[in-house]
Amino acid sequence: EMCDTKYGPVLLAPAYQTVDPTIGRITKFAAGTKENGAVFCHAVMFKVVADCMAKRADKAFDSLMKVMPSRQVEDVYKAEPYSYSEYIIAPVHPYLAGEGAFTWITGSAGWGFLAATEWILGVRREMKGLRIDPCLPSAWKHASITRKFRGATYEVDIERVPTLAPGMKEIKLDGKLFEGDILPLF
């Protein structure tokens, strides 16, 4: 609760306000920047995955959308609207809150793609095949993804079925009911 902000979850709260040599370098950054309480986009992607693992679909999607570059306010973000920043300056900063910093040097885009496709859509690669384990936000009724995996192309349609109990899933492979949630290799 303390770490959630309108710009996304911060690394820590409250941010350090004074330098403390016993703690180290983290306290030398201005409050709300870098590791001192900023919204670190790379770390947000790991939170999205953790939320999906805990079946908190709405929290996962909310965190992902808060850091999405195209969702930022242009005159506040001040970074390219098509590029993730390393971090977004947190609201604790007195005048730079919401500004994106250090674009093009982060793995956030790659991790965001994996968080969205493998965890929210739930089409996840594993040694035995593709696991189908969606974690769709409650507002979504349908989603689909085309996934190339080990030389085959998988067309996956995900549909929220009101007759199934929450958390239950039914997988059909080529129109036939399939036991399990790991699709075989083709």
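The values are calculated or read from the model by the stated rules, or taken from the named source; none is laboratory data. Source: prediction; values computed, not measured. Cβ placement follows ideal geometry from the backbone for every residue including glycine, while neighbour counts extend to all protein chains displayed. What goes into the accessible areas is simple: the full protein's heavy atoms, side chains included, and nothing from ligands, DNA or RNA. Shrake-Rupley method; radii C 1.70, N 1.55, O 1.52, S 1.80 Å.
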Total residues in the stretch 7-34, condition open to solvent by 70 Å² or more (accessible area, probe 1.4 Å) and either aromatic (Phe, Trp, Tyr) or not in a helix (DSSP H, G or I) (or both): 9
Qualifying residues in the stretch 35-56 (those that are open to solvent by less than 50 Å² (accessible area, probe 1.4 Å) and touching a strand residue (DSSP E or B) at 6+ places or on another chain (Cβ under 8 Å)) - the one farthest from Pro91 (Cα to Cα): Cys41
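Conditions (1) closer than 22 Å to Met45 by Cα; (2) in contact with a helix residue (DSSP H, G or I) (Cβ under 9 Å, 6 or more places away or on another chain); (3) part of a loop (DSSP other than H, G, I, E, B); (4) touching a residue at least 24 places away in the same chain (Cβ under 8 Å), marked per residue:
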| position | (1), (2), (3), (4) |
| --- | --- |
| Thr117 | yes, no, no, yes |
| Arg125 | yes, yes, no, yes |
| Ser144 | yes, no, no, no |
| Lys148 | no, no, no, no |
| Thr163 | no, no, yes, no |
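So, Lys59, is that one within 18 Å of the chain's Cα centre (by Cα), at pLDDT 95 or above, open to solvent by 80 Å² or more (accessible area, probe 1.4 Å) and among the basic types (Lys, Arg) or not? Let's see the steps before the verdict.
Values: within 18 Å of the chain's Cα centre (by Cα): yes; at pLDDT 95 or above: yes; open to solvent by 80 Å² or more (accessible area, probe 1.4 Å): yes; among the basic types (Lys, Arg): yes.
Judged against the criteria, Lys59 is a match.
Just checking, does the stretch 64-76 include any residue being part of a helix (DSSP H, G or I), acidic (Asp, Glu) and closer than 20 Å to Arg124 by Cβ?
No: the stretch 64-76 contains no residue that is part of a helix (DSSP H, G or I), acidic (Asp, Glu) and closer than 20 Å to Arg124 by Cβ.
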Any hit, the stretch 92-107, residues being assigned to a loop (DSSP other than H, G, I, E, B), out of contact with any strand residue (DSSP E or B) (no Cβ under 6 Å at 6 or more places or on another chain), free of Cβ contacts under 8 Å to residues at least 12 places away in the same chain and not hydrophobic (A, V, I, L, M, F, W, C): yes
Any hit, the stretch 31-44, residues being of a type in the set (Val, Ile, Thr), modelled with pLDDT of 95 or more, in contact with a Pro (Cβ under 9 Å, 6 or more places away or on another chain) and within 22 Å of Phe113 (Cα to Cα): yes
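Out of the residues in the stretch 150-175 that are among the β-branched types (Val, Ile, Thr) and under 17 Å from Lys128 (Cα atoms), state the one that is modelled with the lowest pLDDT. Break it down into steps so the answer makes sense when it comes.
Kept after step one, since they are among the β-branched types (Val, Ile, Thr), are these residues of the stretch 150-175: 153, 156, 158, 161, 163, 171.
Next cut, under 17 Å from Lys128 (Cα atoms) only: 153, 171.
Working: Thr153: 94, Ile171: 89.
Among them, the one singled out is Ile171.
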